[in-house]
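As structure tokens, the structure follows; a few thoughts come after it.
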Amino acid sequence: MTFTLAGQTELMGMDATQIPAAAEVVLEDLPHTIRRVVDTAMRGGIPYSLRRLPPEAIDPETIAAACGTEMAAIVRCMVFRGKTSRKPMLLLASASTNVSERALSQVVGEVIERVDAATTEKITGFAPAGLPPFSLAQRLPIIMDETLVDLGRIWCMAGSPDLIMSVPTRILTRAIAARISKVDLSN
């Protein structure tokens, strides 16, 4: 999905009530890679609600509005790697968290760097804009922002920039064996 500057400009004057709601999705209509994400959730015992985002949902605020939730419940999945070890890891952070590479480096015990889009796709099998927290091309250590844990449900991308799934936070945390950590140094 491509978003144009014209589309972004039209949204600037919109409030949350003007963002269309995310629509339910028919599983049979999904591409194989997305069905793999859904199948992994089902096999892992992760209850989910899968929705298709409207084209207007291009940033965390409009995505939250389309899902009827707060921005803190929108998850950003990002791939980092150790500068020395080159070992990749997946970070799940709240869209309202300012991720600190210094804090994340302290958590993992080495200086880290965020990888680019091409490397993210090579490591995970998904483009960054649609990166889900599971069903990745290779097994990665997963670190979860501690601010997500207190939320009952969170919303994460489901393998495509226009598909999002709501999952119970505690069930997801156990299913993906996420390490809970503070990744924001502001407090």
Working only within the range 132-153, note down all residues that are under 18 Å from PRO60 (Cα atoms) and part of a strand (DSSP E or B).
MET144, ASP145, ARG153
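Within the range 126-146, identify whether any single residue is charged (D, E, K, R), closer than 27 Å to ARG35 by Cβ and surrounded by fewer than 16 Cβ atoms within 10 Å (Cβ to Cβ), and answer yes or no.
At the first step, the residues of the range 126-146 found to be charged (D, E, K, R) are 139, 145-146.
Checking which are closer than 27 Å to ARG35 by Cβ leaves us with 139.
Now narrow it down to the ones that are surrounded by fewer than 16 Cβ atoms within 10 Å (Cβ to Cβ): 139.
There is at least one residue in the range 126-146 that is charged (D, E, K, R), closer than 27 Å to ARG35 by Cβ and surrounded by fewer than 16 Cβ atoms within 10 Å (Cβ to Cβ).
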Among ALA103, ALA129, which is the only one that is assigned to a helix (DSSP H, G or I), among the small types (Gly, Ala, Ser), farther than 27 Å from PRO31 by Cβ and touching a residue at least 24 places away in the same chain (Cβ under 8 Å)?
ALA103
So, in the range 159-182, of the ones that are closer than 19 Å to ALA65 by Cα and in contact with a Phe, Trp or Tyr (Cβ under 8 Å, 6 or more places away or on another chain), which residue ends up surrounded by the most Cβ atoms within 10 Å (Cβ to Cβ)?
MET165
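Which members of the range 112-125 meet the condition of being outside any strand (DSSP E or B) and surrounded by 21 or more Cβ atoms within 10 Å (Cβ to Cβ)? Steps first, answer last, please.
Going residue by residue through the range 112-125, those that are outside any strand (DSSP E or B) are 115-125.
Matches in the range 112-125: THR120, THR124.
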Test VAL107 against the stated conditions and say whether it is more than 17 Å from LEU136 (Cβ to Cβ) and β-branched (Val, Ile, Thr).
yes
Which numbered condition GLY82 misses (of (1) in contact (Cβ under 8 Å) with a residue 12 or more places away in the chain; (2) under 23 Å from LEU53 (Cβ atoms); (3) small (Gly, Ala, Ser))
(2)
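Quick check on the range 169-178. Is at least one of its residues among the charged types (D, E, K, R), in contact (Cβ under 8 Å) with a residue 60 or more places away in the chain, outside any strand (DSSP E or B) and under 18 Å from VAL37 (Cα atoms)? Spell out the reasoning first.
As a first pass, look at the range 169-178 and keep what is among the charged types (D, E, K, R): 170, 174.
From what is left, the residues that are in contact (Cβ under 8 Å) with a residue 60 or more places away in the chain are none.
No: the range 169-178 contains no residue that is among the charged types (D, E, K, R), in contact (Cβ under 8 Å) with a residue 60 or more places away in the chain, outside any strand (DSSP E or B) and under 18 Å from VAL37 (Cα atoms).
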Counted residues in the range 106-126 being without any contact (Cβ under 8 Å) to a residue 40 or more places away in the chain and of a type in the set (Ser, Thr, Tyr) come to 0
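Could you name every one of the helices (runs of 4 or more DSSP H) located completely within the range 1-81 that has at least 1 residues being modelled with pLDDT under 90 and under 21 Å from GLY125 (Cα atoms)? If you could, list the steps in order and put the result at the bottom.
On the way: elements: 5-11, 32-43, 60-67.
Because the criterion is at least 1 residues that are modelled with pLDDT under 90 and under 21 Å from GLY125 (Cα atoms), the helices (runs of 4 or more DSSP H) in the range 1-81 that meet it are 32-43.
The values are calculated or read from the model by the stated rules, or taken from the named source; none is laboratory data. Note that the structure is predicted; figures quoted are calculated from it, not measured. Every residue, glycine among them, receives a Cβ derived from its backbone with ideal geometry; neighbour counts consider all protein chains shown.
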